[in-house]
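Data first, discussion second: the structure below is written as structure tokens.
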Amino acid sequence: MDELVALYDDSGRPVGSAPRSRMRAENLHHAATGVVVVDGHGRVYVHRRTPTKDVYPGRYDFAAGGVIAAGEEPALAAERELAEELGITGVPLQPLPGGDYRDDHTSYHAFCFWARWDGPVTWQPEEVVWGDWVAPADLVAWVAREPDAFMPDTVALLLGWVRGLAATPPRPRSAGTP
């Protein structure tokens, strides 16, 4: 099924919709979400995309996310994508700065979030082939060693935030804190 995705202008506002196939074929500016998942030890969940993904197949990613459907609220889209890709549900999302990303393969306005999660991770087989928890400093070093192995949009939009995690030692969690 060719889902309708929300198209966005350069100001980050919805301006219409188009079938996903047309959005990809014409590289139309749309909207997408990204959620960085951090556990109670301060580690970031990194996963590898399947080789069948339509954009950047087989690359590593440290954000779960995807396109926003026509009429869908960004936070709800982020929750949906997190549940679909990693099986994580019922977790509060904390907003992060978003932005625009453009290259020859995709053009979108990003709505970014992070979530604390210490439960199980269940991959969607059509989207994820591997995943593990990685210390932020190790992730930053890995991206520096192998930049072409990672999703360029996630690196551009969210690696700075992960660098901040690497510079800040994890705090013990108290009950009720994300």
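Here residue 48 qualifies as within 15 Å of the chain's Cα centre (by Cα), in a strand (DSSP E or B) and over 17 Å from residue 157 (Cα atoms).
Within region 84-105, residues that are on the phi < 0 side of the Ramachandran plot and surrounded by 14 or more Cβ atoms within 10 Å (Cβ to Cβ) have Cβ atoms under 8 Å from residues that are charged (D, E, K, R) and part of a helix (DSSP H, G or I) in these pairs: 93/79; 101/153, counting only partners at least 6 apart in sequence or on another chain. Within region 64-79, restricting attention to residues that are touching an Asp or Glu at 6+ places or on another chain (Cβ under 9 Å) and either surrounded by fewer than 17 Cβ atoms within 10 Å (Cβ to Cβ) or small (Gly, Ala, Ser) (or both), the residue that is nearest to residue 116 (Cα to Cα) is 64. Filter region 129-162 down to residues that are more than 20 Å from residue 117 (Cα to Cα) and of a type outside the set (A, V, I, L, M, F, W, C) and give me whichever is surrounded by the fewest Cβ atoms within 10 Å (Cβ to Cβ). By that ranking, first place goes to 148.
We did not get these values from a lab; they are worked out from the coordinates using the rules stated. Every value quoted in this text rests on a predicted model; they were computed, and no experiment measured them. Positions of Cβ are generated from backbone atoms using ideal geometry, with glycine treated the same way; all protein chains shown enter the neighbour counts.
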